[in-house]
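Remarks on the structure that follows.
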Amino acid sequence: MLVCKFGGTSMADASSIAQVVNIIKANPKRKVVVVSAPGKLNGQDKITDILIKCHKTAKEGGSCKEVFEKVKSRYLSIINDLKIDIDIAKELEDIRQEIDAGASYDYTVSRGEYLMALIFAKHLGFAFVDAKDIIKFNADGVFEPELTNEITKRALENIAEGGVVVPGFYGSKPDGSICAFSRGGSDITGAILARALNVELYENWTDVNGFMMCDPKIVKNPKTIESVTYKELRELSYMGAGVLHPEAIFPVRIANISINIKNTFEPDHPGTMIVPSKEYRRNGRIVTGIAGKKNFTVINIEKSMMNSELGFARRALSVLEEHKISIEHMPTGIDTFGLVIENSNIEGKLDSVIAGLKAVLNPDHIEVLQDLALIATVGHGMSQRKGTAAKLFTALYNADINVRMIDQGSSELNIIIGVDNKDFEKSIEAIYRAFVE
Ligand code: ASP
């Protein structure tokens, strides 16, 4: 059996939904289907975004009636165009009234997936299972993976064979109220079902042919990644968010299930396989992907003999903890210690952090570098291959880029470099060309 999740573009209108039906029918193993709410369509907003507007209008004391018409007409035209034998007029009116009566944000946004799954189950002749009955959060809105796994297993074991459609994106708290994942969360729902049913593959159908080796806004037509391990993808997560919710990896990773990112509009393209490390097959390329992000701050701390000073790093990190700042990387030297932090994490706190570090470390010198971009060049075991680093740094040297920081994770999975923000795009381009062409 397979779990297939279809994203918003796949569910956008009757013609894309007809395409989804073809995909499902093409393989009888496609019995567990997770859907997103209809996405953007020729200038019309995503249903989720329209629902957010409805919630805002109601919260400000108005009625969402007018905005909700857009939600209504999208679903009604899907039902009409596909000639689906379902009457959702009452369902729509109830939801509209609930929103006007002050329904929660999570309830409101979840209705896009709920309605889509209801309609699509009817169209396919599959059972509809409401996510609120199987996906569980605690009272604080924290997802409960083990409880969910037990409940989902029990609920779907017998009916999955005949086919089920489950709305993505949400679940419920112990009091029964709806709780949603963060945006794009239907990917997580699919992964949860894949784990619970221990399926052979989780297919995630979207509108692109998988992950690209780097950002196509920087390098024109980069190659698609054929295969990437969960770990590599975590290292590349700076770039992956648009294609797959980063948290979707965790449930399938526990059960060693691979994810196949596929394109609904080009179903014969193999897409990208996300696999456990043990299933990794080298395709001859050293580098799997290159991803990065701008706007980091580096605090460099220098102190002679810091390597023999007990508790030095702990004290430095405690200052960040007190300021509720998480760190991205920690490059170290024998007498130096760097803290790499996203600018947005340290905004407004830099002076206080520096004062705190001076007080607990008594350093010889502290230097702050700003406007640094980080770039991760990721590939399984690439550091064991001779010449990888040489190639990377030669490419940067030839492109006249000054490398300001180097960090190689001990996982031997990646080499991370820091360059000036202004050199970000140029660096990615140079690294890509060195390894791919
Ligand atoms: N519809 C939700 C969103 O737009 C969830 C999803 O599509 O996964 O974020």
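Taking interchain pairs and intrachain pairs at least six residues apart, which have beta carbon atoms under 8 angstrom, with the first residue in the stretch 41-63 and without any contact (Cβ under 8 Å) to a residue 12 or more places away in the chain and the second more than 16 Å from the ligand (Cβ to nearest atom) and among the polar types (S, T, N, Q)?
Hits for this filter: Thr57/Ser63.
Limited to the stretch 138-165, what total is found for residues that are in a helix (DSSP H, G or I) and more than 25 Å from the chain's Cα centre (by Cα)? Lay out the reasoning, then the answer.
Taking the stretch 138-165 first, the residues in a helix (DSSP H, G or I) are 145-156, 160-162.
Next cut, more than 25 Å from the chain's Cα centre (by Cα) only: 154-156, 160-162.
Total satisfying the criteria: 6.
Residues that are within 15 Å of the ligand (Cβ to nearest atom) and under 30 Å from the mean Cα position of the chain (by Cα): find the helices (runs of 4 or more DSSP H) completely inside the stretch 1-118 holding 2 or more of those. Break it down into steps so the answer makes sense when it comes.
Values: elements: 14-26, 47-59, 65-82, 89-100.
Hits in the stretch 1-118: 14-26, 47-59, 65-82.
Considering only the stretch 15-34, state which residues are in contact with a Ser or Thr (Cβ under 7 Å, 6 or more places away or on another chain) and either without any contact (Cβ under 8 Å) to a residue 24 or more places away in the chain or not hydroxyl-bearing (Ser, Thr, Tyr) (or both). First the steps, then the outcome.
So the first thing to find is which residues in the stretch 15-34 are in contact with a Ser or Thr (Cβ under 7 Å, 6 or more places away or on another chain), and the list is 16, 19-20, 23, 34.
Gln19, Val20, Ile23, Val34 - these are the residues of the stretch 15-34 that are in contact with a Ser or Thr (Cβ under 7 Å, 6 or more places away or on another chain) and either without any contact (Cβ under 8 Å) to a residue 24 or more places away in the chain or not hydroxyl-bearing (Ser, Thr, Tyr) (or both).
Can you run down the residue pairs with Cβ atoms below 6 Å, 6 or more apart or on separate chains, where the first is in the stretch 88-115 and without any contact (Cβ under 8 Å) to a residue 60 or more places away in the chain and the partner is among the charged types (D, E, K, R) and more than 12 Å from the ligand (Cβ to nearest atom)?
Short answer, once both residue conditions are applied: Leu92/Lys72.
Would you point out the residue of the stretch 192-228, among those that are in contact with a Phe, Trp or Tyr (Cβ under 6 Å, 6 or more places away or on another chain) and over 26 Å from Thr377 (Cα atoms), that is farthest from the ligand (Cβ to nearest atom)?
Here the residue is Ala194.
Those residues that are under 20 Å from Ile78 (Cα atoms) and within 16 Å of the ligand (Cβ to nearest atom), I need them from the stretch 122-170; list them, please.
So in the stretch 122-170, the residues under 20 Å from Ile78 (Cα atoms) come out as 122-128, 164-168.
Answer for the stretch 122-170, where residues must be under 20 Å from Ile78 (Cα atoms) and within 16 Å of the ligand (Cβ to nearest atom): Val165, Val166, Pro167, Gly168.
Out of the stretch 374-390, which residues are touching a residue at least 60 places away in the same chain (Cβ under 8 Å) and more than 20 Å from Ser237 (Cα to Cα)?
Step one: filter the stretch 374-390 for residues touching a residue at least 60 places away in the same chain (Cβ under 8 Å), giving 374-380, 382, 385, 388.
Those that are touching a residue at least 60 places away in the same chain (Cβ under 8 Å) and more than 20 Å from Ser237 (Cα to Cα): Arg385, Thr388.
Can you name the residue in the stretch 174-215 that is among the charged types (D, E, K, R) and assigned to a loop (DSSP other than H, G, I, E, B) and is also modelled with the lowest pLDDT among such residues?
Quick first cut of the stretch 174-215, residues among the charged types (D, E, K, R) only: 175, 183, 187, 195, 200, 203, 207, 215.
Right, trim to assigned to a loop (DSSP other than H, G, I, E, B) and you get 175, 183, 200, 207, 215.
Numbers: Asp175: 98, Arg183: 95, Glu200: 94, Asp207: 93, Asp215: 89.
Top of the filtered list is Asp215.
Condition first: touching a Lys or Arg at 6+ places or on another chain (Cβ under 9 Å), charged (D, E, K, R) and within 16 Å of the ligand (Cβ to nearest atom). Now tell me which residues in the stretch 171-191 satisfy that.
Once the filter is applied, which keeps residues that are touching a Lys or Arg at 6+ places or on another chain (Cβ under 9 Å), charged (D, E, K, R) and within 16 Å of the ligand (Cβ to nearest atom), the stretch 171-191 yields only Asp187.
Let's see how each residue does on (1) of a type in the set (Gly, Ala, Ser); (2) in contact with a His (Cβ under 9 Å, 6 or more places away or on another chain); (3) surrounded by fewer than 17 Cβ atoms within 10 Å (Cβ to Cβ); (4) under 30 Å from Lys278 (Cβ atoms):
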{"residue": "Ile301", "(1), (2), (3), (4)": "no, yes, no, no"}
{"residue": "Glu309", "(1), (2), (3), (4)": "no, no, yes, no"}
{"residue": "Lys324", "(1), (2), (3), (4)": "no, no, yes, no"}
{"residue": "Asp351", "(1), (2), (3), (4)": "no, no, yes, no"}
{"residue": "Leu374", "(1), (2), (3), (4)": "no, yes, no, yes"}
{"residue": "Thr394", "(1), (2), (3), (4)": "no, no, yes, no"}
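List every residue pair whose Cβ atoms lie under 8 Å apart, where the two residues are 6 or more positions apart in sequence or sit on different chains, the first residue falls within the stretch 417-437 and is of a type in the set (Gly, Ala, Ser), and the second residue, located anywhere, is assigned to a helix (DSSP H, G or I).
Ser427/Leu396; Ala430/Ala395; Ala430/Leu396; Ala430/Asn398; Ala434/Lys391; Ala434/Leu392; Ala434/Thr394; Ala434/Ala395
Listed residues Asp400, Asp371; which is touching a residue at least 60 places away in the same chain (Cβ under 8 Å), charged (D, E, K, R) and in contact with a Lys or Arg (Cβ under 9 Å, 6 or more places away or on another chain)?
Numbers: Asp400 fails: touching a residue at least 60 places away in the same chain (Cβ under 8 Å).
Going through Asp400, Asp371 in turn, just one is touching a residue at least 60 places away in the same chain (Cβ under 8 Å), charged (D, E, K, R) and in contact with a Lys or Arg (Cβ under 9 Å, 6 or more places away or on another chain): Asp371.
As an exercise: evaluate Ile274 against (1) away from the ligand (no atom under 14 Å from the Cβ); (2) among the aliphatic types (A, V, I, L, M); (3) outside any strand (DSSP E or B) and give the number of the one condition it does not meet.
(3)
The values are calculated or read from the model by the stated rules, or taken from the named source; none is laboratory data. Fair warning: this is a prediction, and the values are worked out from it, not measured in the lab. Here Cβ is always computed from backbone atoms with ideal geometry, including for glycine, and neighbour counts include all displayed protein chains.
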